[in-house]
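Written below as structure tokens is the structure these notes are about.
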Amino acid sequence: MWHCHSVSSRYSVKLRKKLDRLNQLFLESLEGVRVIRAFNKQQAESRRFGEANADYAATAMLSGRITSLLLPLINVIFGVTTAAVLGLGAHYVETGAMEVGSLVANSQYISMVLMSVMMLALVIMMFPTAYACAGRIAEVLETEATIRDGSFSLSERPLRSTVEFRHVTFAYPGAQEPILKDISFEAHPGEITAIIGGTGRGKSSILKLIPRLYDPLFGEVLIDGVNAKEYAVDDLRSLIGYVPQKNVLFSGDIASNLNFGKEDGAQQDWQAAAKIACAEEFILKKENGYHDRVAQGGTNLSGGQRQRMAIARAIMKQPEIYVFDDSFSALDMKTDQTLRKNLKAAMGDATIILVAQRVSTILDADRILVVDDGMIVGQGTHQELLKSCPLYREIAEIQLGKECV
């Protein structure tokens, strides 16, 4: 019985993994339905899902067969034991060694014991699935967070709206080489610090270290003169308005998404943030204005509208440090220019750190960092970098034209 239970447990674990694979393929097909249709891959995806389904079904049936052996096995034991007790008891009654009442009592005791064994068998049948699921849940619960809280109080910060990187080296978990190597720079209150460079060179990785989405391998990230690791994570992130590269909106309405930045935000707060982010123009055209529905993931809004909504959500927070990860890429040149002008007028003593692909977006930045292969290869204003950094000059000439540089 226990061997049967052990085999069943192993198959239950396999079954959970195969169900994971099935769910993964289903989700991929659902999210990528437009891509699948565009490349005429419906048959191939259907075949891939069918193979995973057949694999899952085969494992489920095998696991079911192993488990289903338990009940017949218990019934056989039940029948054989009852027959043996009655047969032996009949012999003792015939020879006068036992009373009929004692035989009946013993057969009842045996029945009670065997019923308990049957109940145990039912528990054993359910146990493999529960065991497999409990093991997977335990993996999640026992995983230790690498980002731990510090104890430094926000009120004791020596500076305000200041970010400093000191010789920061960083690699993603499991990566062969660091994505960032010896990064050092400072961003001060009221300044715009821009980061530009080629794709996959580490620009976004710099920004992820500021709100401690990751911690550096070596070096320090200082927020307001204090190592970011010294703060409680919630306190640190309360200082930062972060707009990620992939803009995620939540189901609800426009107002509820804006209130992610400020829980008790009111109509005037929404209007002020939307105006700065150039989102007011499309929000006012909606049938229900700020209470118009937002579908899951913001799929009923265009890319540019989602991007402006994400910027407005960060502005609602009125943070000390704005972090924009390529947050102007979906905007046309006119909207981009207007938004940056609005932002500069409204930022006050806040500092802005942004990743940009377009040189035109960062012409008026106080500091531009040129990143190549995880290192800062140039640092200065637009005019300074044109003279001192060949890579920046090359990017500017391609985007703006040689006559404008």
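Just one of 236, 180 is assigned by TED's automatic domain parsing to the domain that holds residue 382, aliphatic (A, V, I, L, M) and without any contact (Cβ under 8 Å) to a residue 40 or more places away in the chain; which is it?
Working: 180 fails: without any contact (Cβ under 8 Å) to a residue 40 or more places away in the chain.
One residue alone meets the criteria, 236.
Only one of (1) out of contact with any helix residue (DSSP H, G or I) (no Cβ under 9 Å at 6 or more places or on another chain); (2) at pLDDT 80 or above is not met by residue 85, so which one is it?
Residue 85 satisfies all of (1) out of contact with any helix residue (DSSP H, G or I) (no Cβ under 9 Å at 6 or more places or on another chain); (2) at pLDDT 80 or above except (1).
What are the residues in the stretch 96-150 that are touching a residue at least 24 places away in the same chain (Cβ under 8 Å), over 26 Å from the mean Cα position of the chain (by Cα) and farther than 22 Å from residue 65 by Cβ, if any?
107, 110, 111, 114
So that you can scan it fast, the table gives a plain yes or no per residue for (1) under 28 Å from residue 150 (Cα atoms); (2) hydrophobic (A, V, I, L, M, F, W, C); (3) not in a helix (DSSP H, G or I):
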{"residue": "241", "(1), (2), (3)": "yes, no, yes"}
{"residue": "250", "(1), (2), (3)": "no, yes, yes"}
{"residue": "255", "(1), (2), (3)": "no, yes, no"}
{"residue": "261", "(1), (2), (3)": "yes, no, yes"}
{"residue": "272", "(1), (2), (3)": "no, yes, no"}
{"residue": "285", "(1), (2), (3)": "no, no, yes"}
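Does the stretch 329-343 contain at least one residue that is closer than 24 Å to residue 263 by Cα, touching a residue at least 60 places away in the same chain (Cβ under 8 Å) and surrounded by fewer than 18 Cβ atoms within 10 Å (Cβ to Cβ)?
Within the stretch 329-343, one or more residues are closer than 24 Å to residue 263 by Cα, touching a residue at least 60 places away in the same chain (Cβ under 8 Å) and surrounded by fewer than 18 Cβ atoms within 10 Å (Cβ to Cβ).
Got a number for residues in the stretch 169-209 being assigned to a strand (DSSP E or B), buried (at least 20 other Cβ atoms within 10 Å of the Cβ) and hydroxyl-bearing (Ser, Thr, Tyr)? Break it down into steps so the answer makes sense when it comes.
Keep residues of the stretch 169-209 that are assigned to a strand (DSSP E or B), which gives 169-170, 180-187, 192-197.
With buried (at least 20 other Cβ atoms within 10 Å of the Cβ) added as a condition, the list becomes 170, 180, 183, 187, 192-197.
Now drop any that are not hydroxyl-bearing (Ser, Thr, Tyr), which leaves 193.
Number of matching residues: 1.
Conditions first: (1) more than 27 Å from residue 211 (Cβ to Cβ); (2) among the hydroxyl-bearing types (Ser, Thr, Tyr); (3) crowded, with 16+ Cβ neighbours inside 10 Å. Residue 351 passes all but one, so which condition is the exception?
For residue 351, the failing item is (1).
Looking at 147, 137, 110 in this structure, which one is in a loop (DSSP other than H, G, I, E, B) and modelled with pLDDT of 80 or more? Don't jump to the end; show me each part of the working.
Working: 137 fails: in a loop (DSSP other than H, G, I, E, B); 110 fails: in a loop (DSSP other than H, G, I, E, B).
On inspection, the qualifying residue turns out to be 147.
Can you find a residue in the stretch 218-228 that is in contact with an Asp or Glu (Cβ under 7 Å, 6 or more places away or on another chain) and either closer than 24 Å to residue 344 by Cβ or not assigned by TED's automatic domain parsing to the domain that holds residue 350 (or both)? Talk me through it step by step, then tell me what you get.
First, the residues of the stretch 218-228 that are in contact with an Asp or Glu (Cβ under 7 Å, 6 or more places away or on another chain): 222, 227.
From the residues that got through so far, the ones that are either closer than 24 Å to residue 344 by Cβ or not assigned by TED's automatic domain parsing to the domain that holds residue 350 (or both) too are none.
No: zero hits.
Condition test on residue 96, is it of a type in the set (Gly, Ala, Ser) and at positive phi? Show your work before the answer.
On the way: of a type in the set (Gly, Ala, Ser): yes; at positive phi: yes.
The answer is yes for residue 96.
Listed residues 202, 225, 198, 219; which is at pLDDT below 85 and within 24 Å of residue 353 (Cα to Cα)?
Numbers: 202 fails: at pLDDT below 85; 225 fails: at pLDDT below 85; 219 fails: at pLDDT below 85.
Exactly one of 202, 225, 198, 219 is at pLDDT below 85 and within 24 Å of residue 353 (Cα to Cα), namely 198.
Kindly indicate the residue of the stretch 58-89 that is of a type in the set (Ser, Thr, Tyr) and under 20 Å from residue 100 (Cβ atoms) and also surrounded by the most Cβ atoms within 10 Å (Cβ to Cβ) among those meeting that condition.
Just the residues of the stretch 58-89 that are of a type in the set (Ser, Thr, Tyr), to begin with: 59, 63, 67-68, 81-82.
In the following step, the residues that additionally are under 20 Å from residue 100 (Cβ atoms) were identified as 81-82.
On the way: 81: 16, 82: 14.
Applying the filter and picking the extreme gives 81.
Do we have residue 375 as more than 19 Å from residue 324 (Cα to Cα) and either outside the structural domain of residue 333 (by TED's automatic domain parsing) or under 32 Å from the mean Cα position of the chain (by Cα) (or both) here? Steps first, answer last, please.
Working: more than 19 Å from residue 324 (Cα to Cα): yes; either outside the structural domain of residue 333 (by TED's automatic domain parsing) or under 32 Å from the mean Cα position of the chain (by Cα) (or both): yes.
Criteria met by residue 375.
Within the stretch 150-165, identify whether any single residue is under 30 Å from residue 220 (Cα atoms), among the aromatic types (Phe, Trp, Tyr) and in contact with a helix residue (DSSP H, G or I) (Cβ under 9 Å, 6 or more places away or on another chain), and answer yes or no.
Looking through the stretch 150-165, at least one residue is under 30 Å from residue 220 (Cα atoms), among the aromatic types (Phe, Trp, Tyr) and in contact with a helix residue (DSSP H, G or I) (Cβ under 9 Å, 6 or more places away or on another chain).
Among the residues in the stretch 318-334, are any in a helix (DSSP H, G or I), assigned by TED's automatic domain parsing to the domain that holds residue 197 and not aliphatic (A, V, I, L, M)? Can you show your working first?
Of the stretch 318-334, the ones in a helix (DSSP H, G or I) are 333-334.
Next, only the ones that are assigned by TED's automatic domain parsing to the domain that holds residue 197 stay: 333-334.
Restricting the remaining residues to those that are not aliphatic (A, V, I, L, M) gives 334.
Among the residues of the stretch 318-334, at least one is in a helix (DSSP H, G or I), assigned by TED's automatic domain parsing to the domain that holds residue 197 and not aliphatic (A, V, I, L, M), which makes the answer yes.
Taking the stated definitions as given, is residue 310 small (Gly, Ala, Ser) and either at pLDDT 90 or above or outside the structural domain of residue 221 (by TED's automatic domain parsing) (or both)?
Numbers: small (Gly, Ala, Ser): yes; either at pLDDT 90 or above or outside the structural domain of residue 221 (by TED's automatic domain parsing) (or both): yes.
The answer is yes for residue 310.
The values are calculated or read from the model by the stated rules, or taken from the named source; none is laboratory data. Quick caveat, the model's predicted, so the values are computed rather than measured. Positions of Cβ are backbone-derived with ideal geometry, glycine not excepted, and every protein chain shown enters the neighbour counts.
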